[in-house]
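Engineer: Let me give you the structure first, and then I'll get to my questions.
The values are calculated or read from the model by the stated rules, or taken from the named source; none is laboratory data. Small disclaimer: the values here were computed from a predicted structure and weren't measured. Neighbour counts are summed over all protein chains in view; Cβ atoms, including those assigned to glycine, are modelled from backbone coordinates with ideal geometry. The protein model used for the area step is the full one, side chains on, heavy atoms only, and it has no ligands, DNA or RNA in it. Shrake-Rupley method; radii C 1.70, N 1.55, O 1.52, S 1.80 Å.
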Amino acid sequence: MKTDAVLSLLSLCKKAGKIKAGTFQVEESVKKFKSYLVICATDSSDRRKEDVKNMCEFYEVSFIYYGTKEDLGACIGKTENAVLSVEDEKLALSIVKKADGNSL
């Protein structure tokens with residue numbers, strides 16, 4: 001796992017209980033308007049990336065492609081995870097800033 005500011009912030013979000021992981025939980029978080037940012041792994045399938053993009057655009061939630069499934073999973077204590085939702089506004093803003101031009 002690479003160590004960087006974004007993954008460290010995601011780890012902090014997990015400790016604060018402000019992360020939802022996995023497609024079902026992320027979708028639920030977005031649809032209940034609890035999500036401030038959705039992060040999709042860069043090595044996810046094109047279909048998953050498109051689904052995440054469409055959902056986030058429809059519900060007007062920020063999203064970025066960042067890291068690998070392994071990176072995202074490791075920073076929240078799992079083996080792999082393709083999609084995460086951040087449910088804290090300030091942490092989400094910090095993550096977007098640290099992610100550099102990866103946001104859409």
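Engineer: So how exposed is T68, as accessible area in Å² (1.4 Å probe, rounded to 10)?
Structural biologist: For T68, solvent-accessible area is about 50 Å².
Engineer: Just by accessible area at a 1.4 angstrom probe, what is the order of K97, K20 from largest to smallest?
Structural biologist: Greatest to least solvent exposure: K97, K20.
Engineer: For segment 81-94, what does the Karplus curve 6.51 cos²θ - 1.76 cosθ + 1.60, with θ = phi - 60°, yield as ³J(HN,Hα) per residue in whole Hz, taken in order and with x for Gly and Pro?
Structural biologist: Going residue by residue, I get 8, 8, 8, 10, 10, 9, 9, 10, 5, 5, 5, 4, 4, 4 Hz, with x marking Gly and Pro.
Engineer: Lys/Arg Cβ at +1, Asp/Glu Cβ at -1, dipole of the chain taken about the Cα centre: which of F24, I64, A41 is farthest positive-ward?
Structural biologist: F24
Engineer: For the chain, what does -39500 (n - 2.57) per DSSP helix run (n ≥ 4), summed and divided by total residues, give at 222 nm, in deg cm²/dmol to the nearest 500?
Structural biologist: Estimated from H runs of four or more residues: -15000 deg cm²/dmol.
Engineer: Name the residues whose placed amide hydrogens come within less than 5 Å of the amide hydrogen of F63, ignoring near sequence neighbours (fewer than 5 apart) on the same chain.
Structural biologist: HN-HN under 5 Å from F63: V38, L104.
Engineer: So between A16 and E57, what do we pick up on full extension, going 0.36 nm a residue minus the alpha carbon distance?
Structural biologist: Numbers: separation 41, 0.36 × 41 = 14.76 nm, distance 2.63 nm.
Gain on extension, A16 to E57, equals 12.1 nm.
Engineer: Equivalent ellipsoid semi-axes for segment 1-70, as square roots of 5 times the alpha carbon gyration tensor eigenvalues: give them largest first, rounded to whole Å.
Structural biologist: So the three semi-axes of segment 1-70 are 19, 16, 10 Å.
Engineer: Sticking with this structure for a sec: Segment 20-104: percent of C-alpha pairs farther apart than 22 Å?
Structural biologist: Working: 455 of 3570 pairs.
Value for segment 20-104 (Cα pairs over 22 Å): 13 percent.
Engineer: Now for a separate question. Just to check I understand the Karplus step: with θ = phi - 60° and J = 6.51 cos²θ - 1.76 cosθ + 1.60, what whole-Hz values come out for segment 52-60, glycine and proline as x?
Structural biologist: Values, residue by residue: 5, 4, 4, 4, 5, 5, 5, 8, 6 Hz.
Engineer: Toward the positive end of the charge dipole of the chain, about the Cα centre and with charges on Cβ (Lys, Arg +1; Asp, Glu -1), which of M55, A99, I76 goes farthest?
Structural biologist: I76
Engineer: Under a crude label model (7 Å from the Cα following the beta-carbon direction), how far is F24 from A5 in nanometres?
Structural biologist: With each label point 7 Å from Cα toward Cβ, the separation is 3.6 nm.
Engineer: If I ignore ligands, DNA and RNA and count only protein heavy atoms, how much of D100 is accessible to a 1.4 Å probe, in Å² to the nearest 10?
Structural biologist: The value for D100 is about 110 Å².
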